[in-house]
Amino acid sequence: MVRRPRKVHPPTTEDLAFRLALGQRIRALRVSDYSQDEFADAIDVFRSHMSAIERGKTDLKLSTLRRIASALNLPVDELLRLESTE
């Protein structure tokens, strides 16, 4: 069986705006309880990855999003309630 190359989907402007808004929300919610390094440890990611998440530079896996919400004591749907990303 021949494998086809993986499809690449470059992020749209809307995708980038959403990532940035989500990252800013995560940062705003964590700063009163955790440093970035402590939070990264709490959700079991590298600090550099946590930094990329907060700067909107990476596309989150659902499992990471769930761990973030759990560490912030929020349901995922509450974490995703963002101000307008447009």
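The values are calculated or read from the model by the stated rules, or taken from the named source; none is laboratory data. A quick note: this is a predicted structure, and the numbers were derived from the prediction, not measured. Don't worry about glycine lacking a Cβ; one is built from the backbone with ideal geometry, like all the others, and counts go over all protein chains shown. Surface accessibility is based on the protein's heavy atoms, side chains included, excluding ligands, DNA and RNA. Shrake-Rupley method; radii C 1.70, N 1.55, O 1.52, S 1.80 Å.
The figures follow:
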| item | result |
| --- | --- |
| Pair list, Cβ under 9 Å, 6 or more apart: the stretch 27-39 residue of a type outside the set (S, T, N, Q), other residue open to solvent by 80 Å² or more (accessible area, probe 1.4 Å) and part of a helix (DSSP H, G or I) | R30/E38; Y34/D41; D37/R47; F39/R47 |
| Within the stretch 72-83, considering residues that are touching a residue at least 40 places away in the same chain (Cβ under 8 Å) and of a type outside the set (D, E), the one most open to solvent (accessible area, probe 1.4 Å) | L80 |
| Residue selected from the stretch 1-35 under the condition surrounded by 15 or more Cβ atoms within 10 Å (Cβ to Cβ) and not hydrophobic (A, V, I, L, M, F, W, C), by the criterion nearest to D77 (Cα to Cα) | R25 |
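Here's the yes/no breakdown for (1) assigned to a loop (DSSP other than H, G, I, E, B); (2) in contact with a Gly (Cβ under 9 Å, 6 or more places away or on another chain):
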| residue | (1), (2) |
| --- | --- |
| A42 | no, no |
| M50 | no, no |
| G56 | yes, yes |
| L65 | no, no |
| L74 | yes, no |
| E78 | no, no |
| E83 | yes, no |
